[in-house]
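Derivation of every value follows stated rules applied to the coordinates shown; laboratory data play no part. Not measured: the values here are computed from a predicted model. All Cβ positions, glycine included, derive from the backbone under ideal geometry; neighbour counts span all protein chains shown.
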Amino acid sequence: MTDQNFDNDLVKNTESRAGSTEDNAQSAKVTDEQVINWIKSRRSIGNLTIPAPKRDQIEAAIACAMTAPDHKKLQPWRFIVTEGQKRHDFGRALLAAAQAKAQREGQELDERTVEKTLKMPLRAPMIITVVTRMQYHEKVPPFEQLLSTGAAVQNLILALKAQGFSTVWRTGPLANEPAIKGYFNVGSEDCVTAFVYVGSTHCQMPGRGEIDTTAFIAYDAE
């Protein structure tokens with residue numbers, strides 16, 4: 001089963017939930033193995049084009065993101081959707097951040113870097129910026145809130161993939177510069193956790209092949 005066919009089956013099975021239990025059982029074609037293989041097929045695509053998700057698709061994906069593990073239900077995530085001409089504003093904010101960083105380090109940006117920085121947000125028709133809004137809680141340290149947002153980003157990416165879209169998760173050294181935090185109205189103690197570039201692609205990525213987990217797992221049991 002191809003990724004596209006599997007994505008179509010996901011949509012059909014979701015729509016069929018409004019029908020009878022018998023109808024749902026007959027239409028449940030997706031196996032555990034197919035779900036696992038589909039998750040493993042996720043790939044980052046660097047340059048994306050239209051179409052981008054519509055508002056209902058964005059909100060469906062963000063609803064999935066918000067099911068991420070969340071100790072004490074702090075809901076530390078925030079999602080900012082940038083598209084259209086606003087991507088140029090974002091590019092100017094990135095340039096301001098890059099210039100401020102270079103000045104602090106006693107450097108100066110060359111013309112090529114300036115142009116490249118301005119065009120960074122144009123690599124996709126939509127960018128979803130995900131922010132961790134840190135909150136004090138005696139049982140939930142900041143790193144747990146950051147991890148919860150990371151889990152939300154992964155859910156977001158998979159939900160977008162299920163709807164037929166491609167993504168790449170970017171951050172980089174400018175993500176938490178004051179100019180970027182100011183642009184997105186992010187508090188000084190909060191964290192810009194992801195720029196999720198979203199769109200479509202005709203690129204056919206090669207398969208990953210088998211994933212060897214041996215070196216990454218330790219079993220502690222008698």
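Full-extension gain between GLU115 and GLU138, please, as 0.36 nm times their residue separation minus the C-alpha to C-alpha distance. Could you put the intermediate results ahead of the total?
Details: separation 23, 0.36 × 23 = 8.28 nm, distance 4.52 nm.
That works out to 3.8 nm of additional length.
For SER166, nonlocal amide neighbours, meaning residues 5 or more places apart or on other chains whose placed amide H falls under 5 Å from its own, are GLY199, SER200, THR201.
Assign unit charges at the C-beta atoms only (+1 for Lys and Arg, -1 for Asp and Glu), then state the dipole size of the chain relative to its Cα centre in Debye, rounded to the nearest 20. Intermediate results must be reported in sequence, preceding the final value.
On the way: 26 positive and 27 negative charges, 159 e Å.
Here the chain has a charge dipole of around 760 debye.
Amide H to amide H distances under 5 Å link TRP77 with ARG133, where only residues 5 or more positions off or on other chains count and H is placed in the peptide plane. Largest GNM mean-square fluctuation across ALA68, ALA102, ALA175, computed for the chain with C-alpha springs under 10 Å, falls on ALA102.
Axis angle, to the nearest 10 degrees, between helix 86-104 and the longest C-alpha principal axis of the chain: 50 degrees. So what is the relative contact order of the chain, in percent, for Cα pairs below 8 Å that sit 6 or more residues apart? After rounding, I find 29 percent. Helix 3-15 and the long axis of the chain differ in direction by around 70°, with both axes built from C-alpha atoms.
Put simply, when 158-164, 73-79 are sorted by average Cβ atoms within 10 angstrom per residue, most first, you get 158-164, 73-79. Summarising the label geometry, the points placed 7 Å from Cα in the beta-carbon direction at LYS29 and GLU108 lie 6.3 nm from one another. As I understand it, the value is the acute angle between the Cα axis of helix 55-65 and the longest principal axis of the Cα atoms of the chain; what does it come to in degrees, rounded to 10? Taking the Cα atoms of the chain, the angle to 55-65 is about 80 degrees.
Note on Rg and Dmax of the Cα atoms in Å: of the candidates [x] 22.4, 71; [y] 17.3, 53; [z] 20.0, 69, the value calculated from this structure sits at [z].
Centre-to-centre separation between the Cα atoms of the range 77-151 and those of the range 185-209: 11 Å.
Positive-end ranking of PRO125, SER188, VAL114 along the dipole of the range 93-220, with charges on Cβ about the Cα centre, is headed by PRO125.
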